[in-house]
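J.: Pasting in a structure now, in structure tokens, and then I'll have a few things to ask.
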Amino acid sequence: MQKYWRLIIAGMLFSLVFSLRAEYGDVVLNKRAEKEGMPPVIYPHWFHRIRFRCKVCHFELGFEMRAGSNNVTMQEIIDGKFCGMCHNDEIAWGVENCDLCHSGRPGLKSKIHGGHSTAGPGIW
Amino acid sequence: MLKIKCSNIFFTLFLMLILLLPLISNAASKWKSLADDGIHDPESPAIGVLQEPADALSKLPQDTSGNMVNWVKALEQGVINPRTNIRPETKVRIRNDDVFLEQTGEMPVVRFPHRAHTLWLDCKNCHEKYFISKKGANPITMMKILQGNYCGRCHGAVAFPLTECDRCHSVPRQKLEQAKAESRKKTQAENK
């Protein structure tokens, strides 16, 4: 019976990991946010792709298709670049709504969370 | 002796239940609410303001992996009509032909549909940065894809995951010529 306990604990951890799962394609941006005293940013791909095709951000706006490779600063967003192309109170909410994007738990790492292979090996 | 056997069976069942728990809870709700997704701060004022995944995604054509949504179907059926451009001068480009990748070992041949991809993406997202526009010029391997290169740039991160083997490896070798002929016909019709 003793030998089962290890498996049971492993099973519990397994179910815990899977029950705390972000939506597929959710990106956490935390290169600067927490260093500058704001919670990490969460970018949900699912929400945006209902409203915009990939090409809008990844072609017109110039977002690189790799988490962590875009050096986005708040100043650039305010100047209308990157997120600021739409988050300007015309197409989407403006930059004064800090909390709506900066809504992550403290200490999150910048990467794509959620998804099957993002939990295993890989470089996201 | 009998007592030990009974407790063994009990523990095996208990163990199976625990291991199946994630599946059971996933079946109850396909999409986690923002407050429970492990990345949003449940205390954040954004919770309750931001749209919940289940609100939006449950109305779209269903799938078995990723966001549990068939995004290409959603687009082609017109359930969603996401914007193609912000700047009015941006040219929206669609390409209709298929590319067949035949060096797949014992797996069926890969049919890459340009149409499904260009509905979402522009040519420049992939060419010439990640894929050279010349047949045979791209040394793609499954290992590189699994590491996030080539197709793995999106598949496994935002597009349907790499566990869906037969959605790309979709053409049995003995039906290759037939598939190519059908593809040509379809492309010609779509180009008109």
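J.: Once phi is turned into θ = phi - 60°, what whole-Hz ³J(HN,Hα) does the Karplus curve with 6.51, -1.76 and 1.60 give for every residue of the stretch B:67-72, x standing for Gly and Pro?
T.: Running phi through 6.51 cos²θ - 1.76 cosθ + 1.60 with θ = phi - 60° gives 6, 6, 10, 8, 5, 5 Hz.
J.: Report, for the protein assembly as shown, the % of DSSP beta bridges that are antiparallel, rounded to 5.
T.: Once the DSSP bridges in the protein assembly as shown are tallied, antiparallel ones form about 85 percent.
J.: Dipole of the stretch A:28-70, Cα-centred, from +1 at each Lys and Arg C-beta and -1 at each Asp and Glu C-beta, to the nearest 20 debye?
T.: 160
J.: Compute the Cα gyration tensor for the protein assembly as shown, then decide on rounded, prolate or oblate, letting a ≥ b ≥ c be the square roots of its eigenvalues: rounded whenever a/c is under 1.5, prolate when a/b is larger than b/c in the other cases, and oblate in all that remain.
T.: Values: a/c = 2.04, a/b = 1.16, b/c = 1.76.
Oblate shape, in that a/c is at least 1.5 and b/c is the bigger or equal ratio.
J.: How big is the dipole moment of the protein assembly as shown about its Cα centre under a simple scheme where the beta carbon of each Lys and Arg is +1, that of each Asp and Glu is -1, and everything else is neutral? Debye, nearest 20, please.
T.: It works out to roughly 1300 debye.
J.: Other chains near B:89-102: what is the mean number of their Cβ atoms within 10 Å of each residue's Cβ?
T.: Counting other chains' Cβ atoms within 10 Å and averaging over B:89-102 gives 1.
J.: Turning to a different aspect of this structure: Set the Förster distance to 22 Å, then compute FRET efficiency between B:Gln147 and A:Ser110 from the Cβ-Cβ distance, nearest 0.05.
T.: 0.75
J.: Taking all protein chains in place and a 1.4 Å probe, what share, in percent, of the accessible surface of the protein assembly as shown do carbon and sulfur account for? Could you put the intermediate results ahead of the total?
T.: Values: 11430 of 18880 Å².
Reported share for carbon and sulfur atoms: 61 percent.
J.: When all protein chains stay in place, what accessible area (Å², nearest 10, 1.4 Å probe) is found for B:Met16?
T.: B:Met16 has an accessible surface of roughly 100 Å² with all protein chains in place.
J.: Apply the a/c threshold of 1.5 to the C-alpha gyration tensor of the stretch B:98-191 and tell me whether it is rounded, prolate or oblate.
T.: It is oblate, given that a/c is not under 1.5 and a/b is not larger than b/c.
J.: What is the stretch B:98-191's relative contact order, in percent, from Cα pairs under 8 angstrom and six or more apart in sequence? Walk me through the numbers before you get to the answer.
T.: Details: 69 pairs, mean separation 30.7, N = 94.
Relative contact order for the stretch B:98-191 comes out at 33 percent.
J.: Express the relative contact order of chain B as a whole percentage, based on alpha carbon pairs under 8 Å and six or more residues apart in sequence. Let's see the in-between values first.
T.: Details: 140 pairs, mean separation 30.1, N = 192.
After rounding, I find 16 percent.
J.: Sticking with this structure for a sec: Provide a whole-number value for the mean count of partner chain Cβ atoms within 10 Å of the Cβ atoms in peptide A:36-44.
T.: Details: counts 0, 0, 0, 5, 3, 0, 8, 0, 9.
Across A:36-44, the average partner-chain Cβ count within 10 Å equals 3.
J.: Just from its helices, what would the mean residue ellipticity at 222 nm be for the protein assembly as shown, if runs of 4 or more DSSP H residues each count -39500 (n - 2.57) and the sum is divided by every residue, rounded to the nearest 500 deg cm²/dmol?
T.: Computed ellipticity for the protein assembly as shown at 222 nm equals -9500 deg cm²/dmol.
J.: Against the longest alpha carbon principal axis of chain B, how many degrees, from 0 to 90 and to the nearest 10, is the axis of helix B:176-191 turned?
T.: Helix B:176-191 and the main axis of chain B meet at about 70 degrees.
J.: Follow-up question, since we're still on this one. In degrees between 0 and 90, to the nearest 10, how far off the longest principal axis of chain B does helix B:2-28 point, with axes built from Cα atoms?
T.: 40
J.: Further question: About its Cα centre, how strong a charge dipole does the stretch B:48-192 have in debye, to the nearest 20, once Lys and Arg get +1 and Asp and Glu get -1 at the Cβ?
T.: 600
J.: Along the positive direction of the dipole of the stretch A:22-119 (beta-carbon charges: Lys, Arg +1; Asp, Glu -1; about the Cα centre), which of A:Leu108, A:Met85, A:Thr73 reaches farthest?
T.: So the residue we want is A:Leu108.
J.: Among the lysines, which have Cα under 23 Å from the Cα of A:Lys31 when same-chain residues fewer than 8 positions away are ignored?
T.: A:Lys81, A:Lys109, A:Lys111
J.: Just order B:171-181, A:57-67 by mean Cβ neighbour count inside 10 Å, highest at the front, would you?
T.: In decreasing order of mean packing, B:171-181, A:57-67 become A:57-67, B:171-181.
The values are calculated or read from the model by the stated rules, or taken from the named source; none is laboratory data. Quantities reported herein were computed from a predicted structural model and do not represent experimental measurements. As a convention, Cβ positions derive from the backbone with ideal geometry for all residues, glycine included, and neighbour counts pool all protein chains shown. Ligands, DNA and RNA are excluded from the accessible area calculation, which covers all protein heavy atoms including side chains. Shrake-Rupley method; radii C 1.70, N 1.55, O 1.52, S 1.80 Å.
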